[in-house]
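The values are calculated or read from the model by the stated rules, or taken from the named source; none is laboratory data. Please read these numbers as outputs of a predicted model, since none were measured by experiment. Cβ sites come from the backbone with ideal geometry, for glycine too, and all protein chains shown count toward neighbours. The area values use the complete protein model at the heavy-atom level, side chains included, leaving out ligands, DNA and RNA. Shrake-Rupley method; radii C 1.70, N 1.55, O 1.52, S 1.80 Å.
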Amino acid sequence: LFMAFGGLVADRFSRRTMMLITQSTMMTLAFILAGLVFTNVVQPWHILVLAFFLGIANAFDTPARQALVIELVEREDMSNAIAFNSTI
């Protein structure tokens with residue numbers, strides 16, 4: 001649902017900055033879940049909300065990551081890099 005909008009944002013803004021923001025967001029969500037689990041207060045709705053926000057962050061991260069491959073890899077290695085990135 002948000003992937004097309006994430007691609008639009010990845011085309012308009014710095015991909016590196018976008019990836020830093022999305023990766024930081026994903027890390028924060030993981031720390032929140034860890035804190036909830038370690039304090040034994042986690043509820044099913046917590047997991048659903050965190051998974052929803054993780055999906056949104058991933059929808060912005062994936063287009064930026066795939067577009068960044070083109071900037072990092074030379075032309076002769078492009079097909080291998082795209083295949084490897086898609087595998088990951």
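Couple of notes before you dig in:
- Of everything in segment 1-23 that is modelled with pLDDT of 90 or more and among the polar types (S, T, N, Q), the residue that is least open to solvent (accessible area, probe 1.4 Å) is THR22.
- Inter-residue pairs, beta-carbon under 7 Å, first more than 18 Å from PHE52 (Cβ to Cβ) and in segment 1-27, second in a helix (DSSP H, G or I) and open to solvent by 60 Å² or more (accessible area, probe 1.4 Å), 6+ apart: MET19/ARG65
- Flag for PHE38 being of a type in the set (Phe, Trp, Tyr), farther than 18 Å from LEU1 by Cβ, open to solvent by 60 Å² or more (accessible area, probe 1.4 Å) and out of contact with any His (no Cβ under 8 Å at 6 or more places or on another chain): yes
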